[in-house]
Amino acid sequence: FRFTTPLAMAPGRSRNRIALALALALAACRHVFVAPSSPRWRHVAARGATARQNWMEMLEEAVGTPTPETPDTAIPSSVPALDPELMTEELRAFVLEEKGLAMSGEDFEVKTPEGQLVLKINGGNRVPIPGVVWDKLSLVTAGGQEIATLDRQAFAMTASYDLKRADGQKFGRISKAMFAFTSTFELYQEDDPEGGPLLKAEGSFSDKNYVMKSRSGRVVATVTRLKGFTGGNVDNYQVIVAKDVDASLILAMAVVIDEIHDEENPDAENGGEALPDMLEDAKGLPMPRAPAAMIPSDRPPLDAELIHATTTAYELEEKGLSMTGEDFEIKNPLG
């Protein structure tokens, strides 16, 4: 469903206040968010004002997390990026959407804040061997070009994925650290002359809010679960990446962390706790109860298919201010 509220319906004085507030916010903002100049992103740059507004909204939602900073040296610096077009030139924001469990595994989509598709992460079937979990995921551009794969190591001391380029050359390994006081995920670059992890993820993985750090300990990316109803381990994330960082590495690492978390929490993955999970997000609100008489009861409903026999949850997404007004989309918890 889509609902559009025409901007003309707002009182003139309210429109003026909104316009003034937006103008002051943009004038006060010291960071300018821009899209790369490559052809893939030119259509996004043309909508720069909307993009900047959306990115600022995402940063506001991430209050409490540090703003990513440019690393001392580019990540990566000794080898080419997985996707040169995702080598950030400024602070950038992405939305990582989990599409739910399909026959091929768990799929993800990476979009700009205004909804433009950037990457697809396609899941692969798990090998049905007792005690062994082996996933294969592929990172594909919006145009269909594969840039990398993630291959789960079937036999390893800790959960690990090999990160390979499209030609099969191994870029590195993403794994859960074995010896750490708190849960930590690390990305090691293959044949790295400097040694040590290229990226390290730390934070609350159960709450799905964490940061990624460079070798020097500088925060170069943040990953935050988007607010709203989620369930069955189907989540949407906002990912903010600093300048001079290959965003495809950050996104690949975020997907691996989501996969391993789902594996280690099978009860949530099975979907049995989907509605309670949603109500947990809305804690403080009472559980809705069926009315004594159906609503409406004396006339046909607007949509008979939306009269439910059981308690049901929805996600209402505001798509941001456009020339036609504010648009909304209503989805089920799986998107």
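At-a-glance table
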read-out: Mean Cβ neighbour count within 10 Å, used as a protection proxy, ranking 286-298, 242-254 highest first; value: 242-254, 286-298
read-out: Neighbour cut-off at most 16 other Cβ (10 Å), DSSP loop, GluC sites (Glu not before Pro), the stretch 135-221; value: GLU190, GLU194
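Computed from the coordinates by the stated procedures, all read-outs in this text should not be read as laboratory data. Source: prediction; values computed, not measured. FYI the Cβ positions are ideal-geometry reconstructions off the backbone, even for glycines, and counts take in every protein chain you see.
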